[in-house]
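Since every read-out is calculated from the coordinates, none of them should be taken as a lab result. Nothing here was measured: the structure is a model prediction, and the numbers come from that model. Neighbour counts are summed over all protein chains in view; Cβ atoms, including those assigned to glycine, are modelled from backbone coordinates with ideal geometry.
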Amino acid sequence: MLLEKRSIDYVPLAERHGKVWHLWPVWFSGDAHLATLAIGVLGIALGENLLWTAVAVIAGCAIGTFFMSFHSAQGPQLGLPQMIQSRPQFGYAGALLVWAFALVTYIGYNAFNQVLAVQALHQLAHGLPADSPALVIGFALLAAGIATVGYDSIHLAQRAVAFSMLAILTLFTVSAAFLLKIPASQWDFHDFRPTPFLTELLAAAAYQLTWSIYVSDYSRYLPKEVSIRASFWWTYLGAFVGGAWMMLVGSLAAAMFPRLDVPAALERAANGIFPGLGVLVLVGALLGLLTVAALNFYGASLTLLSVWDTFEPLKSSAGKRIASLAAAAMVSTAIALDSSSNFLHGFSNLLSVLLYLFTPWTAINLADFYLVRKGHYSVREIFNPRGMYGRWNWHGLMAYAGGFAAMIPFFSTGMYTGPVARWLGGADLSMLVGLPVSAGLYLLACRTMDLEADARAAAAADLGLEPATDATEPDEAVLSDA
């Protein structure tokens, strides 16, 4: 298989391929792995019972996946990775703000993934050290190898993991329903604790929402005529089912074995159904963790190249993509090797920070695509440092700052708790505030724009981008299908 040659550049229509249903296994596997289990553990660890933790998981996944899935249609329409599409909202240089946050996401998640992978390997083979540097590095090399081949290899790996995990999770769930004995207290409807419930709900929503920075990366090679409805639902079903299902498995394992770490609790719960099932579930979840680490390295490399392009316009090549990928792998590995033993605490704090950083961005990006410019962008101008989108776009930057500021009183982390969060007993409702405020401020700011002139300028700039026979304008037809 040849290495992918493209990175942040436009994918011509002649190179588009794949089926829209291929998005389902990408996002099912994106969630069906060990790190997702840790999200379902949070509510249990804070004292909520299994019933209310499950309700929080399902509601949180439903909310976060809803916004994340709308980004999926941007890939086929624009033929570009997700983060480079931030330039029309924030400016050619202003987009560096959100790219820096994206790098924190990719590298932070992979550092935790590497730690969790070593814990899982230790659980599978107790002779392997639980903090082995060699295993941390080896896991990173395998994941980086998948990402190095590129887009098609990631899709194939995700598809293989998706169908394997679908079978494993079905076996586990059906068997658990009949064979596992769960304490009655875990199903007590009256034992509701609002703070753990809201913490779990927002953690699940944040986890799904942070996928927003990835989504177009894995839909940008699809044919342009793919509708918004189709890309939304195939993405939503994959991410929601994979995420909620895996979190609920984590909740169940933690409820039964609250003193064990995530991999050990999972194996013990599965072996309680029948001996050997724990190894099967753990291996499947570990493979899922490997492929999602490849997604993270791939996304980090594209984001690093976007940063590079801001300071010095570059011509995409496999070599540059591999160099940026190697840099991301080295940084995440260094963090993983230096990580503390308190995995869940660190992971929870990371999720909170990412929620705060990406809530305004996702609101602004979606508002611009669906409500302001309605899919009319110039690919050429996105890469033009002196183009129509400007160096710094005050519309997006102002809306981001305002949305972020509105969230501060609702923050609740180990580092800072806002006054509203304290009044609510530590519950974090920041996302529910940040989304409407950021979108509303952006829509208000964009009232000064001449959108008809913007659309005409975008169309004129992209004349000749594709051969005349392919230069159709499907945007309005496709958008009307949303």
Under the Karplus relation with 6.51, -1.76 and 1.60 and θ = phi - 60°, whole-Hz ³J(HN,Hα) for region 12-20, x at Gly and Pro, equal x, 4, 5, 9, 6, 7, x, 10, 5
Ordered by fewest other Cβ atoms within 10 Å, a rough proxy for footprinting exposure, 308, 361, 234 read 308, 234, 361
Given pairs 19/224; 19/374; 19/320 and cut-off 19 Å on Cα-Cα distance, the over-length ones are 19/374; 19/320
Residue by residue through region 88-95, the couplings from Karplus 6.51 cos²θ - 1.76 cosθ + 1.60 with θ = phi - 60°, in Hz, x for Gly and Pro, are x, 8, 10, x, 4, 8, x, 5
Interchain or sequence-distant (5+) residues whose placed amide H lies within less than 5 Å of the amide H of residue 391 are 92
Measuring from its Cα centre, the chain shows a charge dipole (+1 at each Lys and Arg Cβ, -1 at each Asp and Glu Cβ) which, in debye to the nearest 20, is 280 debye
Sorted by chain and then number, the residues having a modelled amide H within less than 5 Å of the amide H of residue 412, at least 5 places away or on another chain, are 418
Nearest-0.05 FRET efficiency for residue 460 and residue 374 at R0 = 25 Å, using Cβ-Cβ distance, is 0.90
Taking Cα pairs closer than 8 Å and at least 6 residues apart, the relative contact order of region 13-348 in percent is 43 percent
Filtered hits (lysines, Cα-Cα < 19 Å from residue 315, offset >= 8 within chain) -> 5
Here the averaged projected area of region 181-298, based on the convex hull of its alpha-carbon atoms and given in nm², is 9.8 nm²
In the list (1) 34, 33, 22; (2) 48, 32, 21; (3) 37, 25, 20, the entry giving semi-axes √(5λ) of the Cα gyration tensor in Å computed from the coordinates is (3)
The extension gain from residue 448 to residue 422, computed as 0.36 nm times the residue separation minus the Cα-Cα distance, is 5.5 nm
Fewest to most Cβ atoms within 10 Å: 444, 166, 305 sort as 444, 166, 305
Expected vector for region 285-290, Karplus 3J(HN,Hα) from phi with 6.51, -1.76, 1.60 and θ = phi - 60°, integer Hz, x for Gly and Pro, equals 5, 5, 5, x, 5, 5
Taking the alpha-carbon centre of each part, the distance from region 212-241 to region 374-419 in Å is 23 Å
When 53, 413 are arranged by how many other beta-carbons sit within 10 Å of their Cβ, fewest first, they go 413, 53
The alpha-carbon center of region 104-137 and that of region 187-206 are separated, in whole Å, by 29 Å
